[in-house]
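> This is the structure I have questions about; it appears just below.
The values are calculated or read from the model by the stated rules, or taken from the named source; none is laboratory data. Everything numeric here is computed off the predicted structure, so don't read it as measured data. FYI the Cβ positions are ideal-geometry reconstructions off the backbone, even for glycines, and counts take in every protein chain you see.
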Ligand code: ACO
């Protein structure tokens, strides 16, 4: 029950996960959520570095499908961008838990789950559930007293299956 499909692995986001020319990219995976935009490799690296320097606050994980056959770099042309970097798989899901340090609850910590994404062709294989279970475990391990998230009405049944319950109301102010 608690295992991923064969050949799938969960791991932290890596600095090499920005392969903008291929569909293995972490950023590509996030496009099921919303607009990601045109992010240069340098901009990605800068953001990754920022998160690395705060790696007790930002935990971003991905699921990689290692079953994708490795193709050789020589088969890549500009008209047929290769699907995978040789020796590596394809990122199919991602998620983050952000750990907030509070004063209340005796300097308590709260985990905020953000940006959960499973590639469209990989949904329904329990990858979303695995991402959430992993982020909940991280939140618990680092000492959060609760883990919370905002979602659309449509995703409520998914999060209930993951063990969350409806609580409060989300309010937003868009600048
Ligand atoms: N309605 C009802 N049940 C659902 C739904 C849904 N919309 N989505 C999943 N489930 C159920 C599944 O049927 C499964 O139930 P089961 O255990 O009885 O079989 C269980 O929830 C687990 O489902 P998974 O297979 O793990 O779901 P999946 O891998 O498809 O991931 C997710 C769900 C993350 C919502 C995915 O569909 C996705 O990426 N959607 C687009 C982006 C998105 O909406 N992300 C969440 C934004 S909210 C946030 O980021 C905090």
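> Looking at the stretch 136-163 only, could you name the residues that are within 10 Å of the ligand (Cβ to nearest atom) and in contact (Cβ under 8 Å) with a residue 24 or more places away in the chain?
Listed by number, the residues that qualify are 148, 149, 158, 159, 161, 162.
> Among (1) part of a helix (DSSP H, G or I); (2) in contact with a helix residue (DSSP H, G or I) (Cβ under 8 Å, 6 or more places away or on another chain); (3) more than 18 Å from residue 94 (Cα to Cα), there is one condition residue 154 misses while meeting the rest; what is its number?
Result: residue 154 passes all but (2).
> Inside the stretch 101-124, can you point out the residues that are within 15 Å of the ligand (Cβ to nearest atom) and in contact with a strand residue (DSSP E or B) (Cβ under 7 Å, 6 or more places away or on another chain)?
First pass over the stretch 101-124, keeping only residues within 15 Å of the ligand (Cβ to nearest atom): 110-124.
110, 111, 112, 113, 114, 115, 116, 117, 118, 119, 122, listed by residue number.
> Right, something else. If you go through the stretch 65-72 one residue at a time, do you hit one that is under 29 Å from residue 162 (Cβ atoms) and at pLDDT 95 or above?
Scanning the stretch 65-72 turns up no residue that is under 29 Å from residue 162 (Cβ atoms) and at pLDDT 95 or above.
> Of the conditions (1) over 21 Å from residue 55 (Cβ atoms); (2) exposed (fewer than 14 other Cβ atoms within 10 Å of the Cβ); (3) at pLDDT 95 or above; (4) touching a helix residue (DSSP H, G or I) at 6+ places or on another chain (Cβ under 8 Å), residue 86 satisfies every one except a single condition; which number is it?
Among (1) over 21 Å from residue 55 (Cβ atoms); (2) exposed (fewer than 14 other Cβ atoms within 10 Å of the Cβ); (3) at pLDDT 95 or above; (4) touching a helix residue (DSSP H, G or I) at 6+ places or on another chain (Cβ under 8 Å), the lone unmet condition for residue 86 is (3).
> May I ask you to verify whether residue 127 is surrounded by 14 or more Cβ atoms within 10 Å (Cβ to Cβ) and within 8 Å of the ligand (Cβ to nearest atom)?
On the way: surrounded by 14 or more Cβ atoms within 10 Å (Cβ to Cβ): yes; within 8 Å of the ligand (Cβ to nearest atom): yes.
For residue 127, the condition - surrounded by 14 or more Cβ atoms within 10 Å (Cβ to Cβ) and within 8 Å of the ligand (Cβ to nearest atom) - is met.
> Would you check which residues across the stretch 96-124 are without any contact (Cβ under 8 Å) to a residue 60 or more places away in the chain and exposed (fewer than 14 other Cβ atoms within 10 Å of the Cβ) and list them?
100, 101, 102, 103, 104, 105, 106, 107, 121, 124
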